[in-house]
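The values are calculated or read from the model by the stated rules, or taken from the named source; none is laboratory data. Nothing here was measured: the structure is a model prediction, and the numbers come from that model. Here Cβ is always computed from backbone atoms with ideal geometry, including for glycine, and neighbour counts include all displayed protein chains. Ligands, DNA and RNA are excluded from the accessible area calculation, which covers all protein heavy atoms including side chains. Shrake-Rupley method; radii C 1.70, N 1.55, O 1.52, S 1.80 Å.
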Amino acid sequence: SSSLDSRMEQSFIMIKPDGVQRGLVGEIISRFEKKGFYLKGVKLLSVERSFAEKHYADLSARPFFPALVDYIISGPVVAMVWEGKNVVLTGRKIIGATNPSDSAPGTIRGDFAIEMGRNVIHGSDSIESAWKEIALWFPEGIAEWKSNLHPWIYE
Ligand code: RTP
């Protein structure tokens, strides 16, 4: 059985404006829930340009940065915190490769996206970025509830 700590790993997952507008919120939440992860924080919000620039600060030198920021501020997003063993890495697998042309069928991007600049969803790429992103997107904190580690999910 895994250490309690690893079961408490958290990832920041965001449904991008295209995912919201296309009505994929329920489908995406459902995939993470059915896997066995626990939803620890969720809100619908629109962000300002400066906030989106902060979220994607690591990419500020890239040529696609302005288009990426325009995309993220083009409509409301669903910001979420998901918890569970290996949720950062496994979350990235559920999401699929950045470029939907490379993401496997069965992944969110593989099933629902065609273009890189409309790839529906974001997921933290490391435990460290998850901490940073959760602090950025949920400065108010997240409601405390003890997930009752499901004995049919966790040994
Ligand atoms: P995300 O941060 O959104 O989960 O995506 P990621 O880690 O899979 O990819 P990353 O390299 O961090 O890029 C962030 C987002 O920027 C857009 N992008 N466009 N046109 C391009 O070459 C390009 N490269 C990246 C994508 O929307 C990507 O998700």
Restricting to the range 106-144, name every residue that is touching a strand residue (DSSP E or B) at 6+ places or on another chain (Cβ under 6 Å), in a loop (DSSP other than H, G, I, E, B) and away from the ligand (no atom under 13 Å from the Cβ). Phe138, Ile142
With respect to Ser147, determine if the residue is away from the ligand (no atom under 14 Å from the Cβ), assigned to a loop (DSSP other than H, G, I, E, B), open to solvent by less than 20 Å² (accessible area, probe 1.4 Å) and under 17 Å from Thr90 (Cβ atoms). yes
Residue ID - farthest from the ligand (Cβ to nearest atom), chosen from residues in the range 58-67 that are hydrophobic (A, V, I, L, M, F, W, C) and farther than 17 Å from Gly123 by Cβ: Ala61
Leading residue by the ranking (least open to solvent (accessible area, probe 1.4 Å)) among those in the range 1-23 that are out of contact with any helix residue (DSSP H, G or I) (no Cβ under 6 Å at 6 or more places or on another chain) and part of a loop (DSSP other than H, G, I, E, B): Lys16
Any residue at all in the range 38-47 that is open to solvent by 20 Å² or more (accessible area, probe 1.4 Å), in contact (Cβ under 8 Å) with a residue 12 or more places away in the chain, at positive phi and touching a Ser or Thr at 6+ places or on another chain (Cβ under 8 Å)? no
In the range 68-81, residue surrounded by the most Cβ atoms within 10 Å (Cβ to Cβ) [restricted to those that are touching a residue at least 60 places away in the same chain (Cβ under 8 Å) and more than 12 Å from the ligand (Cβ to nearest atom)]: Met80
